[in-house]
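Since every read-out is calculated from the coordinates, none of them should be taken as a lab result. In this text, all values refer to a predicted model and were calculated from it rather than measured experimentally. When we count neighbours, we look across all protein chains shown, and the Cβ atoms used for this are built from the backbone with ideal geometry, even at glycine.
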Amino acid sequence: MTQAQHRRWLKFTAIAVAIFGPIFSTGTMEAIADPARWSLDILAWPMDGEQDFAAPTTRFLAALTGGFLLGWGVMIWFLATRVHRLAPEPVRQAVLAGLLAWFVLDSCGSIASGQAVNAVFNIAVLLILVGPLWLPATDS
């Protein structure tokens, strides 16, 4: 892949990460929590409708999660659009390291909390988000 193709993939990754920020943030208010509830229900497969955001601590966690995801996505976008041309390999490595760190901690936490199925979902998400970023660009 070329550096230009890496930049395009980084933008895709940024959007894919950031889009979950507002989705999970809907869990902060019971009246609009359905997108967050559905997302959590999918991630805690099978879809059984048992996931809720009724507890204040769960709503608070939804706010934190939404903020972190949106912020992480925006950061990846800025790395792709403003830094990558100057330092393509460090940007690739930074995003790859961040995605791997997310994968390990999220998957271990999912397993520890009894939601091992999310660790399986995480494998697919990791492969999609990293895509061609596993390897350096060929035109460096």
In debye to the nearest 20, the charge dipole size for segment 24-104, taken about the Cα centre with +1 at each Lys and Arg Cβ and -1 at each Asp and Glu Cβ, equals 580
Which one of T28, I123, L10 is farthest out on the positive end of the charge dipole of the chain, using unit charges on Cβ (Lys, Arg +1; Asp, Glu -1) and the Cα centre as origin?
L10
Among S39, F78, L96, which residue has its Cα furthest toward the positive end of the charge dipole of the chain, with +1 on Lys/Arg Cβ and -1 on Asp/Glu Cβ?
F78
Quote the relative contact order of the chain in percent (integer), defining contacts as alpha-carbon pairs under 8 Å separated by 6+ residues.
35
So, in nm, how far is label D34 from label F12 when the simple model puts each one 7 Å beyond its Cα toward the Cβ?
3.1
For the chain, shape from the Cα gyration tensor axes a ≥ b ≥ c, cut at a/c of 1.5 then a/b versus b/c, turns out prolate
Cα-centred dipole magnitude for the chain, charges only on beta-carbon of K, R (+1) and D, E (-1), debye, nearest 20:
720
Among the Cα-Cα pairs of segment 10-54, the proportion with separation greater than 12 Å, in percent, is 59
Relative packing of 39-52, 14-27, which averages over residues the other C-beta atoms within 10 Å, highest first:
14-27, 39-52
Span from the segment 36-54 Cα centroid across to the segment 1-23 one, whole angstrom
26
